[in-house]
Amino acid sequence: MNAHDILEGIPALLPAEISESLVTASHVRIERIVSRGQCSPPGFWYEQVENEWVMVIKGEAELRVENVDGGDKTVRLTEGMYVDIPAGVRHRVDWTSPDTDTVWLAVFY
C-alpha cells in the first residue's frame, strides 16, 4: 500500500480538464478531476446513470443543477463543500476559477 497526495502531479499547463480514476470497484468509482477555468461546453448537460458525490478539495466552482419541477439553480462550491447529485439529474459546470486549480474528488456509486 502506497500513500498518494491528491494535490500533487498536476501539470503546469492544463489546456483541458483532467479526470483520473483513483479507485474502481464493482459499484463505486472514485476520480480526481482537475479544472483550471474549464467548464461544460454551451448546451451540454451531464445526465448520468450513477449517483455522484462530488467535493471541491481546492479552488472553487459553480454547478448548475436542473430542478425536477423545471428550471435550474446555481450551486457555488468552495474548498471543503460537496454535493450529492442523484442519478438522472441533469447538471453542468458553469465556471471554475481560471487563476487556480480546482481539484474535485468525485465518487460515483
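At a glance:
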{"read-out": "Proximal charge balance of S35 [Cβ under 13 Å; K/R count +1, D/E count -1]", "value": "-4"}
{"read-out": "Restricting the stretch 12-109 to GluC sites (Glu not before Pro) in coil, as DSSP defines it, with at most 13 other Cβ within 10 Å", "value": "E47, E79"}
{"read-out": "Most to least accessible of M1, M81 (protein chains only, probe 1.4 Å)", "value": "M1, M81"}
{"read-out": "Net charge of Cβ neighbours under 14 Å - reference E20; Lys, Arg +1; Asp, Glu -1", "value": "-3"}
{"read-out": "Charge tally in the Cβ shell below 14 Å around V89, where Lys, Arg are +1 and Asp, Glu are -1, V89 excluded", "value": "-3"}
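The values are calculated or read from the model by the stated rules, or taken from the named source; none is laboratory data. This structure is a prediction, so every number in the text was calculated from the model and none was measured. Please note: Cβ atoms are built from the backbone with ideal geometry, for glycine as well, and neighbour counts cover all protein chains shown. Side chains are part of the model used for accessible areas, which takes the heavy atoms of the whole protein and leaves out ligands, DNA and RNA. Shrake-Rupley method; radii C 1.70, N 1.55, O 1.52, S 1.80 Å.
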